[in-house]
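Before any comments, here is the structure.
The values are calculated or read from the model by the stated rules, or taken from the named source; none is laboratory data. Keep in mind it's a predicted model, so treat the numbers as computed, not measured. Because the Cβ atoms are built from the backbone with ideal geometry, glycine has one as well, and the counts that use them run over all protein chains shown.
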Amino acid sequence: MKGVILAGGLGSRLYPLTHATNKHLLPIYDKPMIYYPINTLVKAGITEVIVVTGGPHAGDFIRVLKNGKELGLRHLEYAYQEMEGGIAQALALCEDFADNGPIAVILGDNTTDADISASVADFRGGATVFLRHVSDPQRFGVPVFAEDNSQRIIAIEEKPAQPKSNFAVTGLYLYDHVVFEYIRRTKPSGRGELEITDVNNLYIESGTLNWVSLGGFWSDAGTFESLFRSSLYWAEKAGWDQNI
């Protein structure tokens with residue numbers, strides 16, 4: 001399985017910090033943000049990775065990541081997203097890289113210490129989404145479960161005002177090669193983007209979407225609050241003493 005890290009966008013919610021560099025290169029405690037999703041993939045045995053970036057600071061990634069060898073990667077590629085076209089549009093740029101094989105996709109602002117290696121090893125096709133119980137599900141894609149107690153997802157709603165569950169679809173997915181055909185079938189949303197939620201709903205319609213509860217720590221880092229929360233967790237895990 002190959003890995004895809006989606007690290008585009010302007011990071012406008014983190015202005016003025018992101019006037020200086022790409023959001024995914026901001027520090028989470030003592031490392032650039034993007035080190036964390038890379039480590040998640042490497043721990044799962046995924047060492048061929050493509051980073052999709054964009055915006056005025058795209059070139060900064062090469063100076064930070066170089067060829068990826070220092071981070072445990074065997075092969076590292078880059079792709080450039082020319083427009084703010086959404087997660088699915090960014091993922092579409094990786095079709096040649098995937099080469100008809102399965103891919104693990106993670107958003108560049110996701111930090112987690114969960115071990116997904118078992119899910120990667122067990123993946124046999126379709127799609128797997130990783131869910132997490134959160135206090136603010138309206139910020140995320142939210143799964144709607146069947147009412148028959150089967151825990152089967154029957155739909156995913158994007159940032160619903162009235163969420164039908166307290167689970168969030170984290171920015172971590174496993175897909176087979178069909179994902180690129182589903183992206184081609186997806187139409188721009190009201191905000192003009194190709195939504196990954198629409199792609200996941202096509203997998204649901206085909207009966208090939210599964211889900212896994214993500215253990216350990218997980219947080220996005222796309223707001224000032226979540227950026228601070230992530231930094232605090234990783235600092236404490238590293239043994240940082242806030243009383244010093």
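The set of residues from region 128-150 being in contact (Cβ under 8 Å) with a residue 60 or more places away in the chain and either closer than 16 Å to Gly207 by Cα or among the small types (Gly, Ala, Ser) (or both) comprises Thr128, Val129, Pro143.
Restricting attention to region 230-241, does a residue exist that is hydrophobic (A, V, I, L, M, F, W, C) and either loosely packed, with under 11 Cβ neighbours inside 10 Å or touching a Pro at 6+ places or on another chain (Cβ under 7 Å) (or both)? Yes, the conditions are met somewhere in region 230-241. Would you pick out the residues in region 1-16 that are in a loop (DSSP other than H, G, I, E, B) and within 18 Å of Val52 (Cα to Cα)? The answer is Met1, Gly8, Gly9, Leu10, Gly11.
So, in region 1-29, how many residues would count as being among the polar types (S, T, N, Q) and more than 24 Å from Ala88 (Cβ to Cβ)? Residues flagged as among the polar types (S, T, N, Q) and more than 24 Å from Ala88 (Cβ to Cβ) within region 1-29 amount to 1. Within region 142-152, if we keep just the residues that are surrounded by fewer than 23 Cβ atoms within 10 Å (Cβ to Cβ) and modelled with pLDDT of 90 or more, the residue that is farthest from the chain's Cα centre (by Cα) turns out to be Ala146.
Among the residues that make up region 197-217, is at least one of them closer than 17 Å to Asp109 by Cα, buried (at least 20 other Cβ atoms within 10 Å of the Cβ), touching a residue at least 40 places away in the same chain (Cβ under 8 Å) and under 15 Å from the mean Cα position of the chain (by Cα)? Yes, the conditions are met somewhere in region 197-217.
State whether the residues of region 227-242 include one that is out of contact with any helix residue (DSSP H, G or I) (no Cβ under 8 Å at 6 or more places or on another chain), over 24 Å from Val134 (Cα atoms) and of a type in the set (Phe, Trp, Tyr). For region 227-242, residues out of contact with any helix residue (DSSP H, G or I) (no Cβ under 8 Å at 6 or more places or on another chain), over 24 Å from Val134 (Cα atoms) and of a type in the set (Phe, Trp, Tyr): present.
The number of residues in region 1-53 being crowded, with 24+ Cβ neighbours inside 10 Å and among the charged types (D, E, K, R) comes to 1.
Within region 50-74, residues that are without any contact (Cβ under 8 Å) to a residue 12 or more places away in the chain reach partners that are surrounded by 17 or more Cβ atoms within 10 Å (Cβ to Cβ) and in a strand (DSSP E or B) with beta carbons closer than 6 Å, at six or more positions or on different chains, in the pairs Asn67/Leu76. Elements of the type helices (runs of 4 or more DSSP H) sitting completely within region 67-126 and holding at least 2 residues that are crowded, with 20+ Cβ neighbours inside 10 Å and under 17 Å from the mean Cα position of the chain (by Cα): these cover 87-92.
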